[in-house]
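The values are calculated or read from the model by the stated rules, or taken from the named source; none is laboratory data. Here the structure is a predicted model, which is why all the values come from computation and not from measurement. So basically every Cβ, Gly included, is an ideal-geometry build from the backbone, and we count neighbours across all protein chains shown. Only protein heavy atoms, including side chains, enter the accessible area calculation; ligands, DNA and RNA are left aside. Shrake-Rupley method; radii C 1.70, N 1.55, O 1.52, S 1.80 Å.
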Amino acid sequence: MKCYVCDAEITVANETEEHIIINAAGGRLKSKDLICSKCNSDFGETIDSLLAKQLNNLANMLMIKRHRGEPQPIVGEKQSTGEKYILEVGGKPKLTKPTIDKIVDGDKTNISITARSEKELREILTGIAKKHPHFDVEEAMKSAQWREEYFEEALHFQNVIGGNEVFRAVCKCATNFFIYSKGDASQIKHLIPYIKGEEDKEVVWMHYQENLYELKPEESLHIIHLVGKKDERVLYCYVDYFNTYKYLVLLSDNYDGQDIKATYCFDLINITPIEKEIILDYNRETVLDFFINKDAKPFEKVKKSFDHSIALGLKRQDDHQRGELLERAIQNSLGKYPDGVLITEGMLNEAIEEIMKNITPYLLRRMKK
Ligand SMILES: [Zn+2]
């Protein structure tokens, strides 16, 4: 087996599991028979990391589970104040940094601190104590007030879609899938300099056609659909991330390999591959025409696709938050008793009270919406 990018023989020494759809976006399909570890790490640092960055907002919002690690936090901005917040997975906003305000009043200095956690506050106070030996960290910790509130204002964050480097990463996803589907590497050899960024080509474009497949409201999928037609000498691949970022890749307009048709569809919510019918079977002329007369304004369609993902993401965050609130209420009440203790009516009442205390602000906020 040879690396289809650099032709190096793949051995135990340089083998690697290449994710056909990047791991950062929750891709699970992988193979050791595609590329060598050097090519894998070169792409990982360049085009794949840029694609990952673009797909991260949705991976975060949808709380996608990955092979390794969690989606990165998103940075958003409150428009009224310009304050920056980070959104961790699960949708909880946090300040991007703590604030420290000093007011000098005669020989006294008042310091007001907003910290994001107890640990952070303690670090800041310890820093102050180093400069001011009389400062009592424990006393200050005791006087701190903790506040948690719901956000009344929407956070704004930017979404970028496409770009040359990202198109290259999408093209690699398609070539990966072609080789994985037992395609002949010589048929896509001409794309290697393009994927490596050594040459420009017009072989990837956004592709938002209606009714390519049925999508249920609770579904979020990655889809790859590959078609090769020997008679028509054309090989192309549709790549669709989160039913939102959708691309067509022209793998060859001079294809003379075997007829090929392969679909991969991954259900990101239930973390499993599923069968899905993709109604996308173009003839040569239609495919080439997508690249000659490029859809210059797909933005309305892009927005519609985003709407689906964002609605699903908000619902998932909401369910997650409710679960967390309940768990916290139980921890704060019943959780403090040792395991196996008999639950009395008093303890139960305490639990109910704690649940009401935690859930009420959440319910009030929902009613306001
Ligand atoms: Zn290689």
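Computed values, structure above
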item	result
Mean separation of Cα contacts under 8 Å, 6 or more apart, over the residue count of the chain: relative contact order %	13 percent
Inter-label distance for LYS189 and ALA129, nm, one decimal - labels placed 7 Å from Cα along Cα-to-Cβ	6.9 nm
Cβ-Cβ FRET estimate between ASP318 and ASP42, R0 fixed at 35 Å, reported to 0.05	0.30
Tilt relative to the chain, helix 47-61 - C-alpha long axis, 0 to 90 degrees, to 10	50 degrees
Residues GLU275 and THR360, FRET efficiency given R0 of 41 Å [Cβ-Cβ distance, rounded to 0.05]	0.40
The stretch 300-368 - percent of accessible surface contributed by carbon and sulfur, probe 1.4 Å	61 percent
In sequence order, calculated HN-Hα J values of the stretch 22-38 (Karplus, 6.51, -1.76, 1.60; Hz; x Gly/Pro)	3, 4, 4, 9, x, x, 10, 6, 9, 8, 8, 9, 10, 9, 7, 5, 5
Of THR81, THR272, THR16, the one that fluctuates the most in a GNM where the chain has Cα springs shorter than 10 Å	THR81
Cα-based Rg of the chain normalised by 2.2 N^0.38 Å, two decimals	1.27
Accessible area per residue, Å², the chain with all protein chains present, probe 1.4 Å	58 Å²
Candidates per trypsin sites (Lys or Arg not before Pro) in the stretch 314-344, loop by DSSP, up to 15 other Cβ within 10 Å	none
Separation in nanometres of the label points that stand 7 Å from Cα toward Cβ, at THR109 and LEU326	4.9 nm
Qualifying trypsin sites (Lys or Arg not before Pro) for the stretch 65-152 [loop in DSSP, other Cβ within 10 Å: at most 10]	ARG68, ARG147
Eligible lysines near LYS261 by straight Cα distance, threshold 17 Å, same-chain separation 8 or greater	LYS182, LYS229, LYS230, LYS276
Where GluC sites (Glu not before Pro) fall in DSSP loop in the stretch 91-160, at most 13 other Cβ within 10 Å	GLU148, GLU149, GLU152, GLU153
Cα long-axis angle, helix 299-332 against the chain (0 to 90 degrees, to the nearest 10)	40 degrees
The chain - mean residue ellipticity at 222 nm from DSSP helices (-39,500 (n - 2.57) per run, n ≥ 4, rounded to 500)	-12000 deg cm²/dmol
Between 0 and 90°, nearest 10: helix 164-180 axis offset from the chain longest Cα axis	60 degrees
Using a Förster distance of 22 Å, the FRET efficiency for ASP200-GLU232 (Cβ separation, nearest 0.05)	0.30
Among LEU34, ALA115, ASN56 the positive-end extreme of the charge dipole of the stretch 21-150 (Cβ point charges)	LEU34
Over 24 Å (Cα to Cα) - which of LYS201/LYS246; LYS172/LYS201; LYS30/LYS65; LYS201/LYS304 fall in this group	LYS201/LYS304
Derived scalar couplings ³J(HN,Hα) [the stretch 290-297; Karplus, 6.51 cos²θ - 1.76 cosθ + 1.60; whole Hz; x for Gly, Pro]	4, 9, 7, 9, 5, 5, 7, 10
Calculated from backbone phi, Karplus (6.51, -1.76, 1.60) coupling profile of the stretch 340-350 in Hz, x at Gly/Pro	x, 6, 6, 7, 8, 5, x, 5, 5, 4, 4
Given charges at beta-carbon only (K, R positive; D, E negative), |dipole| of the chain in Debye	460 debye
Extreme residue, positive dipole direction of the chain, given options LEU248, VAL104, HIS190 (C-beta unit charges)	VAL104
Per the chain, cysteines lacking a partner by the 4.7 Å Cβ criterion	CYS6, CYS39, CYS171, CYS173, CYS237, CYS265
